[in-house]
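One structure is given here, and the rest of the page talks about it.
The values are calculated or read from the model by the stated rules, or taken from the named source; none is laboratory data. Here the structure is a predicted model, which is why all the values come from computation and not from measurement. Backbone-built Cβ (ideal geometry, glycine too); neighbour counts: all protein chains shown. Accessible surface is based on the protein model in full, side chains and every heavy atom, while ligands, DNA and RNA are left aside. Shrake-Rupley method; radii C 1.70, N 1.55, O 1.52, S 1.80 Å.
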Amino acid sequence: MADAKPDAAAGGSIHWKRNLGVSLAGSFTTIIAMTLLLPFLPLYVEELGVRDHAAIVQWSGIAYGATFFAAALVAPLWGRLGDIYGRKLMLVRASLGMTVAIALMGVAENVWQLVALRLFVGLAGGYSSGSMVLVATQTPRDRSAWALGMLSSGIMAGNLVGPLIGGVLPPLIGIRNTFLAAGGLIFLAFLATTFLIKEETVPGRRQAAKAGGGWAAIPDKAPVVAMLATGMLLMLANMSIEPIITVYVAQLVDRSDIVTLWAGLVMSAAALGSILSASRLGRLADRIGHWPVIAGALVAAGILLVPQAFVTSAWQLILLRFLMGVALGGLLPCVAAVIRHGVPDRSAGTALGLSVSAQYVGQVAGPLLGGFIGGHIGMPVVFIGTSILLLAGAAFVWMSKPPIAD
């Protein structure tokens, strides 16, 4: 295979399209399996012996957050090991570990076992973040943002479809069988990853990664730090509204019986906009450069947040959240592309792993800050405050832009 060009910066793998397809399908299915428990998690916690209403809510929150807490801690480690031992191996490990853990949730006997298994999913998982690393390092440079945009669309689609399936399956087959079905779905992703993905490695990369990889090997850290902050801001902006959305929507609609319907539409609008725009903004970034798209997306989203504080009807909020999702849809693929192109191959996994951890920080900090500010200061302040953060982030990104940048 002498004609192959295994380094993404030099042209990418000859198998990059197949790798992208398998990674997209695998990320979509694993995200579905991770999120389908949202609609019935409190019911399962109660089935496991928790009776008090407050305790059910508390344990549900602990069980759900355990996965993301654990994943944030180990993402840089898996990225580093991927640099040394191969990115495909990390996907095989993640899909197999998630298959076992999620299937075992269906036979849990108490809530402690459920929380432990959710922690194990976070520790052993990371398929979608590992896919980002694989695709970023195997795709030709001039197609990387588009490919990462396609992958982001699949991940966000999984986040949308998962809860829908989780609302339909348990009444049909039962909660425990739903977990077993989810484990079987991820097992298919494990098989596809094992037998279909073809990773080409740079000769001597393992030795180079062991000897001098990691954070210390990155020559210019400022652009990478800017991208870590951007990923965190993206998740914070998306999640800051989550704790207040139902209460906020209740002020905008006349009928209390349709508040949850409108709230669900508002929550889904931004994700839908991002799904539709991610690959298109990625293609634009491949053509005009990643930095202008990142800064422009942050500015557009920051501006769109301001009128959300002053809407008078639910449909206005849905439209603005959709447009905000369109603006933010290209951020994750562009962030990954900038990191990939700005670090040596032996440090790519470490840097992208840190990016995933930063995004999880935003995913946790967003609801905490949004709930605190919305409850103690006022819900409009959540939108205004997030807007200021995004605009400041855009300025920081532009100031961090290297003199010669794509």
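Things worth noting here:
- Sulfur and carbon atoms: percent of accessible area, region 255-406 [1.4 Å]: 74
- For Ile241, the amide hydrogen comes within under 5 Å of no other amide hydrogen, counting only partners 5 or more places away or on other chains and with H modelled in the peptide plane.
- Ordering of 153-160, 222-229 by packing [mean C-beta count within 10 Å, highest first]: 153-160, 222-229
- Long-range HN-HN contacts of Val253 with modeled amide H, under 5 Å: none
- For the chain, the average shadow cast by the Cα convex hull is 19.3 nm², which is a quarter of the hull's surface.
- Rounded D (µm²/s) - region 71-124, Kirkwood Rh over Cα pairs, Stokes-Einstein at 37 °C, 0.692 mPa s: 278
- Each Cα pair of region 242-282 feeds into the Kirkwood radius, which the Stokes-Einstein equation turns, at 4 °C and 1.567 mPa s, into a diffusion coefficient of 115 µm²/s.
- Accessible area (Å², per residue) of the chain, counting only protein heavy atoms and a probe of 1.4 Å: 41
- In sequence order, calculated HN-Hα J values of region 225-232 (Karplus, 6.51, -1.76, 1.60; Hz; x Gly/Pro): 4, 4, 6, 4, 5, 5, x, 5
- When peptides 47-54, 161-168 are ranked by their average number of other Cβ atoms within 10 Å per residue, the highest-first order is 161-168, 47-54.
- Our coupling estimate for region 313-330, obtained by passing each phi through the Karplus curve with A = 6.51, B = -1.76, C = 1.60 and θ = phi - 60°, is 8, 5, 5, 5, 5, 4, 4, 5, 5, 4, 5, 5, x, 4, 5, 7, x, x Hz, Gly and Pro reported as x.
- Segment Leu43..Glu242, full-extension length gain: 69.5 nm, with 0.36 nm per residue of separation and the alpha-carbon distance subtracted.
- Taking Ala351, Ala392, Ala66 as the candidate residues, the one with maximal mean-square fluctuation in a Gaussian network model of the chain, Cα springs under 10 Å, is Ala392.
- Extension gain for the segment Arg280 to Phe195, taken as residue separation times 0.36 nm less the Cα-Cα distance, is 27.6 nm to one decimal.
- 5 angstrom amide H check on Ile14, placed H, neighbours 5+ away: Lys5
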